[in-house]
Each structure stands twice: as structure tokens, then as C-alpha cells.
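The next block holds one structure in the form of C-alpha cells; read it before the comments.
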Amino acid sequence: MTRTDQKIGGVEFRSVSRRYGKVTAVDAISFKVEPGTLVTLLGPSGCGKTTTLRMIAGLEAASEGQILIGGRDVTLLPATDRDVTMVFQSYALFPHMNVLDNVAFGLEVSGVPKVQREEQAMAGLAMVGLAGFETRLPSELSGGQQQRVAVARALVLEPEVLLFDEPLSNLDAKLRRKMRDDIRELQSKLGLTSVYVTHDQEEALAVSDRIIVMNRAVIAQEGTPADLYRRPVSRFVADFMGISNLLDGTVTRRAEGRVTAHFGEAVLDLPETAITRADEITVAIRPQAIRLATEPGPDRLPVTVRKATYLGSHLEYVLDSSAGELFVVDPTSETPVPPGSSAWATFRHEGVALVPRDGQVA
Amino acid sequence: MFRSHLLWLIVGWIAWTIAPWYGFASSRQPILGGWPASGLLAGLDDAPWLLPLGLFLALPVPFVATRSRLVGPALVVAGAGGLGWMMLQGVAIIHKGWAWPFLADLFGPIAAGQPGMGFGAMATALAFLFFLTMGLAARGAMKGDRFTTGAIGLLVASISLFVFWPVSTVFSQAMLPDADMSGPAALIHRLTAKDIWSLGCVTGTTRCGVVWNSVVLGTLCGVITTVLGLAFALVATRTTFPYQRLLRLLSVLPIITPPFVIGLAVILLFGRNGTVTLFLAENFGLTATRWIYGLPGILLTQTLAFTPIAFLVLIGVVQGIAPSMEEAAQTLRAGRWQTFRRVTWPLMRPGLANAFLVGFIESLADFGNPLVMGGGYEVLSTKIFYAVVGAQNDPGRAAALGIVLLALCIGAFLVQRRWVGTGSYTTVGGKGFAGTPAELPRWLKNAVYATALPWAAFTFLLYGLILYGGFVENWGRNNTFTLRHYVTAFGLDWNQYGLLWTGRAWNSLFTTLEVSAVSAPLTAAMGLITAYLLVRQRFTGQATFEFMTMLSFAIPGTVIGVAYILAFNQPPVELTGTAAILVVCFVFRNMPVAIRAGVAAMSQLDKNLDECALTLGANSAQTIRRVIMPLLRPAIVAALVYSFVRAITSVSAVIFLVSARHDMATSYIVGRVEIGDFGLAIAYSSVLVVLMGLAIIFIQWIVGERRIARPTPHAPAARPQEVAA
């Protein structure tokens, strides 16, 4: 394996496809991962994100297209010969080796002398806070500790690209939060080019420099976390980013960079975006952007409260309206509006986006 | 440039220019100062057809040296071309010169023929093979993994050479023109011979054809072993029978028993001088006859030998039926009998069909028991043997009989695979507690006991007789204790030259142990690599590849034996009379079991483990050695034990392949039995059984346990979970 002193990293896909017989798992996707950044592949299961990750690692061969790592074409290079390591969902710790041997494995097979590789492995373990666990077997570690060993093992090789395949999915919610912060911290401290796969949008928003949302083998949208959350380009992305209120609406007027959108009885005046040119649109509204008011108004939607749930930190409502059902998260109020009562829903404009209706091209 | 490219280039060049090209039995004179002719030297001398190989060896050199991007295509062309040329010249030019007259007309006469290939030729062929696979890898095949493409290439090539080539030789041999008949006519004549297909015993007084004998025997054997196997399986899983471990022992016994040994024990009981026969004659005046020789004897011995196999098949089936289903039936107010009849039984049915087919195939392929017990009752496997070995010496007939037997076995094998593939309901979920199995209805339990337990007792009695029979002067006639047989077989003597192995069995015993010890690790290695390819890799033609590897399991030993002597008695690959042919035979006959053990074990290993090793920079070979092998220890033990033991106990194929220099224990014993020397045969057999028991313990100790968790009670069970991404 050749090793450069400078980790210039960077990954590029040039219309890469992966087919299994007639099934296309990844369909001619192109993207770039800038050196030193963490990019997340986000999408529902079966969208092709894991296949994409495995193609970066060389565990899956591209049927078409070109894969470049650090500017070098690696499309035909097997996993062994790529300077890429991966943290697996199942951790994939070798159960018959102790922690130190696990971490030192990559160094060992690339011929690093024993003393040096153990030194490096110890340093790696110290980095993830597991100094002193060297002689344990993986079966003697907790889930979080196993995860750290897997990270250390991938780190000590100082790869050009570090891959994470849903690394937190086997951890409980609390640990997941801590681990994702730790991973992000390590990654930015070491300036590692990383690609991260998850189906959890919150996790993606928390760790990423950029997010690539995938759906049905293609890229649905690519951008910074804020881009995706504020300006989804499709109903799918909006839905997947947790913007759960998707109502049919129409655009009646476009002028001076603003649009007038109707849905149900409500009329909103919103800034124009390049996303949709059609008049038949879907209005995507974040649950947090809706409040209940007692007074009617032109930009308000008359609703009936169907369900109100008190959850301590916030209230959740399910509302019925002529435009459809609305789901509301309200952290500002302590007293729920009782079910059955009529009210008016108001909308914060930053939390509303217009996307094309399904089946329509933007 | 990869090191492997360079390595195989060097191997190819050394093999072609320096290593002796022809085999051990080469008639060619050494050329330079006593050094045997290499490919290059022979080519310059009188075998000019070997010279073009140099072109194929030279072709990739510039590409490898300049690290050209075209190294892949260059290697593919060189490898395929070199291999093709070697095959062509190997088949076309044999001892006497051109293999077919028309070639002489075409190219003119040649000075001399050539003998079989030797080390030089084999190594050159190997180099070409790996040129081809490395070239394909460089072009992106198998994700560019040179080890994987190499392994696939090596397996496909060796299976083609050692399974398909010999079997196809059988076909061509059966088509050999006979007297005034043309090839196809001779084939049809041989295949439709009266002694194969005649139904004389049904319609008249003549004998039935040998096919019907075999089919009747196989069917009976299949039915009886299935019934008995089921009884044992039910006793072992669905009753509170206290000695279940003993039943498990019963299932191990046939694996370590040479196939005709049970026949010997049955003769000791029911033969003309058998204990039971004599007892009946003395007390009831029944005339001692040879009634046991023939169908009853073969059926009895085969049932004894194969019931444990049916037991092993069916215990998996019975255990695979989730007790929760039976519990569900019971909560729906079904009684014990109704539960068994409506739930358990239908779930078992595909497994029973499977067990029947296994019994059927085993019976058809069995050679040792019909040979020892057959009398006048001829079955296909023995008839093949006599067609080759006896006074007839008619390879054409043997080949035709082999085709019939092969068709029967492969037919049954295909039916079995289809059945098991689609009709099996058995499911083994990963869920921990699945409930306790339902007890059998009382009368069924009694019936099961009444079937299984006497049979088990009978089996143990027979094994006792084997161990005891070796110490008796002459069973039935003179029952005094003696060590005579052991001394004859395993005598040792000291004289002024040191230790003398005076016993007559030493020679064959040493050969047997040697051949088994060489073939067992080879079998295990090839089997496990195949399993790795089947479980861990995806490639086009994989299903065909799997079928190819499993097929040799369905080919009866006698057919393999005939095929090997027909195929490897002449160039290009001459192996008859060597120990190598025995090793090769064992490796390819026993490989399917090693594959199964490997596949079963590897399917339980998280695939991410080896992928992880790959991303950490380990190559496939390192991954296998450092990650997969240590975790596969149990499977390795199983594969080693099985192949070692099978190599010792096997007789059907071996009996064709042994030579005076390389005799094997089983064929030596069969020889003793044929001349009626039962004492020695039995003594030798018991030594084998004991030896194999020791060998199993030894292998277990050498390979050791895998250690993935310390045996502490507090260790958290945090096994990596299977990924479902």
C-alpha cells in the first residue's frame, strides 16, 4: 500500500452505478467530498446509501462510472489496496483477538514492526478514551466501548478517507448522542475526510458538514444541513427531514421575488425560491412552525383540535383542517387546548417551504 | 506491478526452462548431464510443440515490467493461450505419437511421442492458470481481488481435471468401437445389455437385470433406514430416554467404520459358521445354509451402516420443528396424537423424503457390503468391479455400467436437492427459547422404543463382536483365545539390523496413514476455500460452481475408481500406480463434506468481520489466515476428521487405484475376506477403528478450541449483531 504523508483525501463519484442483475442499487450518481469534511449519506433503507459507502471502501464494485480518492482513480482497486477504513454497523471486532490486537491489526498486516504498531495502537486507544482496556476481549466490553475500539482501529491507519456505516444504530439513545459528538470532535480535530451513512436525520444534521439525501438509488438533494432543512427541493426530502406537514396548495401570484400560496383557507406571502415554477405545489410546514391562535386572520387556517398530548418539555397537537391533517409541536405553551375546540393555526414563514407536488418536475 | 505477477512469471519461466517436464515414469532420456529434460530442452530436442509455450510466457513480461495499463489483457491472453496450447498438445500427442491418425496426415509424422506431464509441466500450467486469473482481476473481476480469482480458477481447473475429465472419459470409453460395431452402436449395445435391464425374475425363471437388483436394494434400504432413523431421532429428542448420549455415539460409529466391517460381524453371527447359525443347527436341527449371502445380508448390513446417517438427517429435521408450533396446536385443544398427526408429521415429511433419498443413494453407491455379503446377488457397484478386475477385463462394459449407476445416483441427487430446496419447512430461528418439544403419544412412544432400542443393542453387539472376533482362533469352529491374527498382521521383531516390521499389514497400514494424512489437510483446505467462495463472494456462475463442487459427492466410488483408471492411465496426466492418484481421489471425493462444514460455519460469521479486515489493508489471504481461520476452528476439525477418516475407511474407489507398492488397508482387508481369512480381517478392522478414534482426539488437540470469550460468568454477551443494511 502506498501512503502519502499529506492526507489530501477527497472522494469523487463520476456517474457511478451499481447493478445486481436487473436491480439498480445506485443509479449514475455523482458527488464530491471535499478533503477534511464530513459528508453524510442520508436516506431510507434500500436507497443505495450503504452500497455507495461500500463502493468507496472497495467492498462493492462499481458497474459503471469512476470513483476517485485523493484525485486518483481507484475504480478497479480492491478494498485491500485502497487507503480507506470503515467503522461497521456491527463494529466487526475480531472476537478472537483482544482490544490491542484488534486495533493493531491493520498496522500488522501492512508490516509495521511490533513495537511501533503497539505504540500507535495504544495512542489510538487513548484517543478514544480506552487506555487500560488493551487486554480485554471484545466480548468483555459494553456496546459503547466496542464502538470506540472500532473507531480507534479505523483511525490508527490514518486513512485518506474514514467511513462510518450507521455506527450508532446499535447504541441506546443517550449513548448515541455522546458518541456522535465524540466522533464529530475527533473527525474535525484530525481533519479527516469522512463519509457517514445513517437513516436518522437528526444524527445527520448533528454531525455533517454536508448531507447527501438519497432516494431510490439516486441523489434527491445535496447541501448543508441548514439548506436541506430550510429549503428542501422535494416532498420526499421535506418528509425525510422531519417536516411532516405536507399539504396541497396553489400559487396564485408571483412578483418581486415573492409568491402568494393558498392552502385551505390560508394565504401566505412567501419569498420566491427557484425550486418550483408550477402553480400546483405542496406546502411543507415544520411542526415547530405552527402555533394555535384564538383569532381568525387571512394567513391563518381554521382548525379543530383532534388530539392534544402533554409531553413535559412540549405539547403535541393533531389538528384537522380543510387542507388536511396538521401535526404541531409547541414548546412555548404549558396549558393544552382541549380536544374538540376550534382554533386558528398560524405559521412562521421560515418554517414553510414550497416543493413540487409528487410526479411533477421542479 | 504486483508481487504476485512477478512471482508467477518467475515460476512459469523456471518450470518451463529448468524443471523436469515429464512425469516420473518418463521414458525420455536425460539430456544434459543427467538432468531430466525441461520443457525448453525437450522442445529443442524432439518435442518442438513445447516451444510455443515460451511465447506465451514472454508475452506479459514487457507489460509487467513497464507497469502498463494493458497488463490485464496481456495476462489474460498469455494465460488462456498457454493453457489452451498445453491442453491441445497434451491430448493430441501421447506415448505412441499422434493420438489420432488424421493429425499425422495433417502435420506429418513426428519423431517421438511423449509421456505424461510431470512437475515442470504442472507448474507451467499453474503459472498460466494464474496469469489468466490475475489478468482477469486486473481487469476488475471479483473487485480486482487476485486471491479470489486465483482460488476460483484453481478450483474450477482442478475439479475439471479430476472430476469432469475422468467422468467424461467413462463416456468416451463406453463408446469405444467393439469388434464390428461402430462407437454409438457399441454404446447402445452396452447400455441396453440384457444382464442390466432384464426383468426375467418377474416374468420367468431367469435372473433379473442388475439395475433392478440395485434399485430394489436401494429402495428397501432407503425405507428401512428412514423408519429406523426416525425412531432414533424421536427417541433422542422427544422422549425422556435416559441414555441419549449413547445414541449419539451410535451416530459416530459408521463414520469410523470401514464399510464392510459390519458385514464381517454379520457373517460371524449368521454365516455358515456363525454363532446364531450353529446355535440353531445344534438345538433345532436347522441346516446351516448360506442364506445370509445375497439380498438379506446386503440389506441387513446396509441398514446397519446407514441408519445412523438417516438418524443424523432426521434429528436435524425433528429438532428444526419449533416446539412453539406444537404448543400452539395444543393450546388450540389438539391432543397429543392430533398434534403429531396434523402438525409435527407434515412438517417432517420433506425431511423424511430427504432421508430416504440419502439412504437410496448410499445403498446404490455402497461397494464394500455387497462385495462381502453379495453371494450371487449382483448389484451395479460390484458388477462394475468384476467387469474391470475379474477375468472379463472389459473397460467398455464397466464404463457402460458406470454410466447407468451414475445416472441413477445423480438422478436421485437432483431429486433430493430439488426437494430439500423447495419443500422443507424446517426453520431455525435465532430466537432463544422456543418452548419445550411435545412428548409423543404413549403408544407411539412405545412403538418407537420397540423399534429403536433392539436395533441399537444389535448394533453395539456387532461392534463388540468385531473387537472380540480378532482374538479368536477360527470363529465358530475353534473359539480359543489367540493373538495369532494380531501377530501375523502387526508383528515386530528385533535383530541385529534393528526393528523389523514383520507383520503383513504394516505396509498397507503405513500407506493408508500416509495417504490419509496427506489428503486430509488438502481436502479441508480446498473445501474451506470453496466454502469461502460460496458464502463470501458473489460471482456469475456461482450456482453452477456450487453444483460442480457438490456433484462429486453423488458420483459413486466405483464409478470414480473406473473413471480414474481410464483417464489417468495415459498422457497427458499419468497417475495410475502412484500414491498421488489415491490422494487426488480422496481430496475430490471428500471435499463436498468439508465444503458443507465450512459453509455452515461461515454462514454464522458476520460478513463484516472479513470486510473490515479488507478495509484495514489485509488482503484476502491474510483475512482468511488471521480472521476467518481462527473463528472456523470447529469446522476445520470437522473437515479434517472427516476427510482423514473417510480416506482410511473408503474402499469403493480405492480398490481400483491401489497398486502393489501402494496398497491400502481396506483393499488389503477385502483381499483377506475374499480368501476367507476372517480372523486377520477382523483384527485389522478393529485396529483401524481404534486408530481412527485416536486420530480424532489428536486432530481435536492440534487444532484446538477457538477462544472468543473467557469462560467467566459475568462476561456480557455482546456479540456483534448481523447487519441488515
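The values are calculated or read from the model by the stated rules, or taken from the named source; none is laboratory data. Since we're looking at a predicted model, the values are computed, not measured. Because the Cβ atoms are built from the backbone with ideal geometry, glycine has one as well, and the counts that use them run over all protein chains shown. With ligands, DNA and RNA removed, areas are computed over all heavy atoms of the protein, side chains included. Shrake-Rupley method; radii C 1.70, N 1.55, O 1.52, S 1.80 Å.
For this structure, a couple of remarks:
- Top-ranked residue of segment B:606-649 - restricted to ones that are touching a residue at least 12 places away in the same chain (Cβ under 8 Å) and of a type in the set (D, E, K, R), ranked as surrounded by the most Cβ atoms within 10 Å (Cβ to Cβ): B:610
- Selection status of residue B:553, assigned to a helix (DSSP H, G or I), closer than 20 Å to residue B:402 by Cα and at pLDDT below 85: yes
- For residue A:115: the one exception among (1) surrounded by fewer than 18 Cβ atoms within 10 Å (Cβ to Cβ); (2) at the interface with chain B (Cβ under 10 Å from one of its Cβ atoms); (3) β-branched (Val, Ile, Thr): (2)
- Residues of segment B:176-207 satisfying the condition of being crowded, with 19+ Cβ neighbours inside 10 Å and of a type outside the set (Gly, Ala, Ser): B:187, B:190, B:196
- Those residues of segment A:179-218 which are among the aliphatic types (A, V, I, L, M), open to solvent by 50 Å² or more (accessible area, probe 1.4 Å) and not in a helix (DSSP H, G or I), in sequence order: A:218
- The residues in segment A:157-178 that are surrounded by fewer than 24 Cβ atoms within 10 Å (Cβ to Cβ) and in contact with a Leu (Cβ under 7 Å, 6 or more places away or on another chain) can be counted, and the count is 1.
- Test: residue in segment A:61-79 that is touching a residue at least 60 places away in the same chain (Cβ under 8 Å) and facing chain B (nearest Cβ under 9 Å): no
- Those helices (runs of 4 or more DSSP H) of segment B:104-192 in which at least 2 residues are touching a Ser or Thr at 6+ places or on another chain (Cβ under 6 Å), assigned by TED's automatic domain parsing to the domain that holds residue B:19 and more than 24 Å from residue B:556 (Cβ to Cβ), considering only elements entirely within it, cover B:119-138.
- Elements of type strands (runs of 3 or more DSSP E) in segment B:475-533, at least 3 residues being in contact with a Phe, Trp or Tyr (Cβ under 6 Å, 6 or more places away or on another chain): none
- Yes/no for residue A:64 being among the charged types (D, E, K, R) and closer than 24 Å to residue B:537 by Cβ: yes
- Segment B:568-610, residues that are within 14 Å of chain A (Cβ to nearest Cβ) and either in contact with a Gly (Cβ under 9 Å, 6 or more places away or on another chain) or of a type in the set (Gly, Ala, Ser) (or both): B:601
- Among the residues listed as B:531, B:580, B:505, the single one being open to solvent by 10 Å² or more (accessible area, probe 1.4 Å) and at pLDDT 85 or above: B:580
- The set of residues in segment B:596-605 that are under 30 Å from residue B:582 (Cα atoms) and either open to solvent by 10 Å² or more (accessible area, probe 1.4 Å) or not in a helix (DSSP H, G or I) (or both) comprises B:596, B:597, B:599, B:600, B:601.
- Unmet requirement for residue A:99, which otherwise passes all of (1) in contact with a strand residue (DSSP E or B) (Cβ under 9 Å, 6 or more places away or on another chain); (2) more than 8 Å from chain B (Cβ to nearest Cβ); (3) crowded, with 19+ Cβ neighbours inside 10 Å: (1)
- Positions within segment A:5-59 being of a type in the set (A, V, I, L, M, F, W, C), surrounded by fewer than 17 Cβ atoms within 10 Å (Cβ to Cβ) and not in a strand (DSSP E or B), in sequence order: A:8
- Tabulated pairs, segment B:196-220, first over 13 Å from residue B:381 (Cβ atoms), second among the aromatic types (Phe, Trp, Tyr) and open to solvent by 20 Å² or more (accessible area, probe 1.4 Å), C-beta under 7 angstrom, 6+ apart or interchain: B:199/B:212; B:209/B:197; B:219/B:360
- Some residue of segment A:164-185 being at pLDDT 90 or above and among the small types (Gly, Ala, Ser): no
- The residues of segment B:113-170 that are open to solvent by 40 Å² or more (accessible area, probe 1.4 Å) and on the phi > 0 side of the Ramachandran plot amount to a single one, B:143.
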